[in-house]
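The values are calculated or read from the model by the stated rules, or taken from the named source; none is laboratory data. Just so we're clear, the structure is a prediction, and the values are computed from it rather than from any experiment. Here Cβ is always computed from backbone atoms with ideal geometry, including for glycine, and neighbour counts include all displayed protein chains. Side chains are part of the model used for accessible areas, which takes the heavy atoms of the whole protein and leaves out ligands, DNA and RNA. Shrake-Rupley method; radii C 1.70, N 1.55, O 1.52, S 1.80 Å.
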Amino acid sequence: MRRAVPLLAAVLLLAGCSESTTGSPTAGSTTGESTQSSGKPTSTSKEPAKRPKTINLKDVDPCTLLTDAQRGELGLDRPPQKSTSTVHQSPTCGFDRSDRTWGTTVVTATKAGVEFYTDGSFDAEAQQLQVAGFPAVLASTPKQKTSCWVAVDVSDGQMVVAQTTSVNGDVEQGRLCELAQQVAGAATTTLAAR
């Protein structure tokens, strides 16, 4: 009986989170997820079976995660800027556009997993989705309508985060969330190909 309760909770959680902000529901894949999660921890960010592979972000330079071609497609034509996240205490790289409409920061966080965006540590509305085959969380907040985050679960306690920001406030949050998904997808694809 004790195993049935976590399994039921996981099934209900996965069933409620089968849609992303773009695209259509993936009911078929959700069914597969729930059957594979039996006997595993109920935290969706800790389900290793859902990752195509586990990637260690230690020593990964976030400035190398968007190729020149990917940056060109997104219009991110300014030189990348290395920094450190004060929130995640991990390396970051800023990619901006010359027209200053929006920019993005990619973080290779090694001290927190995607649960940072779902467990109340970050005051945001979070929605689960998949990015390049990896479990991910899309986070937005009414308090910061000029930003959107996508965190990709690449390893237990590690994530790639793409934060998009409207530089002058002209880009709507919904569009920023679409762009964050594109950036996260590009960065994760580059990382997974290594």
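The listed residues are 72, 94, and the only one of them that is in contact (Cβ under 8 Å) with a residue 12 or more places away in the chain and not hydrophobic (A, V, I, L, M, F, W, C) turns out to be 94. Restricting the search to strands (runs of 3 or more DSSP E) fully inside the range 121-194 and requiring at least 2 residues that are of a type outside the set (A, V, I, L, M) and open to solvent by 40 Å² or more (accessible area, probe 1.4 Å) gives 125-131, 158-166. Out of curiosity, is residue 180 among the aliphatic types (A, V, I, L, M) and within 20 Å of residue 57 (Cβ to Cβ)? In short, yes.
Being buried (at least 16 other Cβ atoms within 10 Å of the Cβ), at pLDDT below 95 and among the acidic types (Asp, Glu) is true of residue 115.
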